[in-house]
Amino acid sequence: MKRIEAELFTDGTNDAVLRLPNRHFPGLLIQGDTLSILQNDLAELADLCATGDLEEAQHAANLLHADLSAKLERYTRALEEHGIPRPF
């Protein structure tokens, strides 16, 4: 393990926006449990598509999209508040 200093652009709660040394743009720190939930949600969506349950698949996709959209909004807002252009 290596200890470093990072710039924190939001509070240190879930989905913290921070910039690591030697990186031009900040990133989004996703906690391990949140990453596992996202992976499980995507696996569920794939299973629903594979079984042809399109109504449930659409519902699962909408929930996943809303979650990722909220994370992207938090990231984008943090960049705007600190005068950093978007990398996309």
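The values are calculated or read from the model by the stated rules, or taken from the named source; none is laboratory data. Predicted model, so just to flag it, every value in this text is computed and none were measured. Glycine gets a Cβ as well: all are built from the backbone with ideal geometry, and neighbour counts include every protein chain shown.
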In region 38-60, which residue that is aliphatic (A, V, I, L, M) and surrounded by 14 or more Cβ atoms within 10 Å (Cβ to Cβ) is farthest from ASP15 (Cα to Cα)?
LEU48
ASP15 vs. criteria within 22 Å of PRO85 (Cβ to Cβ), surrounded by 10 or more Cβ atoms within 10 Å (Cβ to Cβ), among the acidic types (Asp, Glu) and in contact (Cβ under 8 Å) with a residue 24 or more places away in the chain
yes
Pairs where the first residue, in region 68-83, is within 12 Å of PRO26 (Cβ to Cβ) and among the basic types (Lys, Arg) and the second is outside any loop (DSSP other than H, G, I, E, B) and modelled with pLDDT of 95 or more, C-beta under 7 Å, 6+ apart
ARG74/VAL17
Could you check region 25-41 and list, in sequence order, the residues that are within 20 Å of GLY83 (Cβ to Cβ) and free of Cβ contacts under 8 Å to residues at least 24 places away in the same chain?
GLY27
Those residues of region 16-68 which are assigned to a loop (DSSP other than H, G, I, E, B) and of a type in the set (Lys, Arg) amount to ARG23
